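These notes are about the structure you will find just below.
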Amino acid sequence: MTGARLPRVVLYAPKYGGTARRSEEVLRRVIVAEALSSLSRPHREVLTETVMRNRSVNEAADILGIPLGTAKSRVYYALRALRIVLEERGVST
Amino acid sequence: MTVAHTDVGAYALGLLEEDDRRAFEEHLGDCASCTAELSGLGGMRRLLAGIGPVEVGDEEPEDLSGNITDLVDRRRREDRRRRRGTLVIGLAAGVALVAGGVTAGSAIVSPGGGDEHQHGSPAADVLAMGVRHSATDPSTHAVGIVATRAQPFGTEVGLDLSNVRGPLTCRLVAVMRSGQQQPVTEWAVPPKGYGVPGSPGHLQVHGGVSVKPSDVSRYDVLVEGGGRLVSVPV
């Protein structure tokens, strides 16, 4: 662990400096959070209880008190709706 | 267990539990429309990565069926406009943002997107599309996300590593259920580190092993000279 060695394999090198990357990251979060808030409540809710809280769709279905199949299809339609909202705001996914 | 085409959404986000995931992967092998749909949803997973919970307001729920009908019309436009794998945010979208004293320019390319991705950053692809597992080591505090994808050659593996300072030389190994190990890839961590204050970018590396995803029990990030940064069970 002493001394830096030349990397033998480096497949990914950040292209931007820390500040630029951070501001892009903030921008992404702001835009996505804003787009999420424009979704219908069931759509926003299902994404919040799954991907935002690191839960499986099964766990989210229990929490929301809806059947698993409903939770799964809601995730699907929520994603589609979110993508459309994002595209309308100039974000292509 | 029943598999519906709409499961592709939960699958794309890595939200299916083991049995459902396997069932859907079987379905995916026979379903061209789900395969096509999945490739279009990969970008959404990247976009949603690290977004915290959104406060759910008190307004009345909208009628979902209305949304879906609306989607059909909008989808046509969307399909024409879609450029997969890239994320370009135009400030014409009406979002003005100043962050950390830096004013964003007229177009922003996302981290993990943009040129690196257009030219196919394989690590970002696997991390976005593969089956993801994550772990945080209780003693080193390193955070590892491993994503795997079955390939004809075996398993394609992507690693996202953060909360690590260097200098270190590391390697990722797959530990099989038999106890044998296979190397995935190696890299160096510069002194400033990855995913730490002052160096927020994560390390993303990519490699592969010759066995099926289900033959691997965990992926270990090992440090040259001894020690383990984090072990990610799969």
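Values quoted throughout were computed directly from the atomic coordinates according to the rules given, and no laboratory measurement underlies them. Note that the structure is a prediction, hence the values are computed from the model and not measured. Cβ atoms come from the backbone with ideal geometry, glycine included; neighbour counts cover every protein chain shown.
Points to keep in mind about this one:
- A:Arg74 falls short on exactly one of the conditions (1) over 22 Å from B:Ala36 (Cβ atoms); (2) more than 12 Å from the chain's Cα centre (by Cα), and that condition is (1).
- Number of positions in segment B:217-234 that are in a strand (DSSP E or B) and under 19 Å from B:Asp125 (Cβ atoms): 2
- Some residue of segment B:128-136 being assigned to a strand (DSSP E or B), touching a strand residue (DSSP E or B) at 6+ places or on another chain (Cβ under 9 Å), of a type in the set (S, T, N, Q) and within 24 Å of B:Glu25 (Cβ to Cβ): yes
- Of everything listed in (1) in contact with a Phe, Trp or Tyr (Cβ under 8 Å, 6 or more places away or on another chain); (2) of a type outside the set (Lys, Arg); (3) part of a helix (DSSP H, G or I), the single unmet condition for B:Ala174 is (3).
- Taken as a whole, the condition of being more than 14 Å from every other protein chain (Cβ to nearest Cβ), among the β-branched types (Val, Ile, Thr), within 20 Å of B:Gly50 (Cβ to Cβ) and within 21 Å of the chain's Cα centre (by Cα) applies to B:Val230.
- Within the option set A:Glu45, A:Glu49, being within 12 Å of B:Pro53 (Cβ to Cβ) and within 7 Å of another protein chain (Cβ to nearest Cβ) holds for one residue only, A:Glu45.
- Among the criteria (1) closer than 18 Å to B:Thr140 by Cα; (2) part of a strand (DSSP E or B), the one B:Gly208 does not fulfil is (1).
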